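Have a look at the structure below, then the notes.
Computed from the coordinates by the stated procedures, all read-outs in this text should not be read as laboratory data. Every value quoted in this text rests on a predicted model; they were computed, and no experiment measured them. Quick reminder, even Gly has a Cβ in these numbers, built from the backbone with ideal geometry, and neighbours come from all protein chains shown.
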Amino acid sequence: MKRLLSICATALMLCMTTIPAFAAEPELTAQSCYPTAITRSEDGAEIRKMYDLAPTDDPAGIPRSDFDQDSFHYTLVDLLKQELPANESRQHTETVSVASKSKDMATVLALLPETQEFITEDGLAGILSLKLDSVKVEVTGYGSSTKELVASRTYPSLGSQDTSSIPKTVADNGTELTLQSIDWQTDSDNHFTAVATYAGSTTSSYVKGYTVTADYTGTVSRIALNKTRYVAIFEGKPIAPEPFLSPDSQQNTATILFNWTAIMVPISIVALAGVGIGVGIFIKRRNEADDGGDEA
């Protein structure tokens with residue numbers, strides 16, 4: 001019996017020592033690398049991340065995991081390695097946009113310096129020159145303003161103060177004005193003079209401002225400083241909207257989710273313990289059978 005208990009205890013100890021195998025061992029990761037430039041296609045289907053690494057940098061630190069951005073799910077499809085030349089240069093055109101209150105070319109050119117220094121998305125720099133034939137001026141938008149108008153008209157030698165003889169509307173520079181009031185004056189010959197006041201408004205439009213665009217062109221360059229470029233190419237696919245779940249549906253879904261690890265560990269312990277006990281019983285019965293045979 002003591003031997004049986006010893007066997008069972010050994011089986012349980014084996015179970016306890018095998019349980020930690022369910023836990024994932026921590027993995028050693030290289031030091032993370034950070035991109036020096038990122039470009040994205042106009043349709044969002046591709047993102048390129050550029051990493052300029054020194055000889056001491058480990059490219060294993062370049063992130064390769066999927067990620068979501070701007071309603072796209074991106075997956076790494078290629079990782080390119082490029083040996084950068086000692087001196088890299090190319091022609092480059094940069095388009096700038098500035099606001100202007102006037103379309104007068106002298107005012108516009110005062111907003112655009114003859115040369116400007118630019119740095120491209122991938123880190124090349126240079127001083128670019130203005131292309132005068134590329135300068136364009138466009139209206140930003142229109143506004144409207146309303147102006148109140150007042151005018152007076154004099155009607156002399158009237159036989160009576162009869163308002164029916166006074167015009168109810170008059171035109172002033174193309175704008176129709178409406179009669180507002182009449183000031184009656186008595187003449188020396190017992191006639192009357194009417195001084196009528198008319199009022200109205202006129203609306204006019206005006207330009208709010210202008211947008212000036214121009215191109216700068218020239219050579220941009222950089223020194224590689226003994227670095228290697230890695231280009232991580234990620235392909236993006238639109239993310240489908242998630243279906244709406246009511247609170248009841250979410251609760252029902254939650255009830256069918258199980259922690260399988262928490263369930264399988266106790267079952268494994270019980271199963272291994274059963275195996276240990278079964279082995280012990282088998283050995284015990286075998287010993288008893290051997291003892292019986294000896295007595296015979």
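For SER157, the shell of other residues with beta-carbons less than 15 Å away shows a net charge of -2, using +1 for Lys and Arg and -1 for Asp and Glu.
Ranking request for peptides 156-169, 101-114, 227-240: highest mean number of other beta-carbon atoms within 10 Å first, then the rest in descending order. Show your work: numbers first, answer last.
On the way: 156-169: 10.7, 101-114: 12.9, 227-240: 15.9.
With the highest mean Cβ count within 10 Å placed first, the list reads 227-240, 101-114, 156-169.
Peptides 83-90, 179-186 ordered by packing proxy, namely the average of other Cβ atoms within 10 Å per residue, highest first: 179-186, 83-90. Near THR193, once Lys and Arg are set to +1 and Asp and Glu to -1 for all other residues with Cβ below 15 Å from its Cβ, the sum equals -3.
According to the square roots a ≥ b ≥ c of the eigenvalues of the Cα gyration tensor, what is the shape class of the stretch 18-161, taking rounded for a/c under 1.5, prolate for a/b larger than b/c otherwise, and oblate for the remainder?
On the way: a/c = 5.51, a/b = 2.26, b/c = 2.44.
Oblate.
Spatially, the stretch 153-208 and the stretch 117-138 are offset by 62 Å when compared through their Cα centroids.
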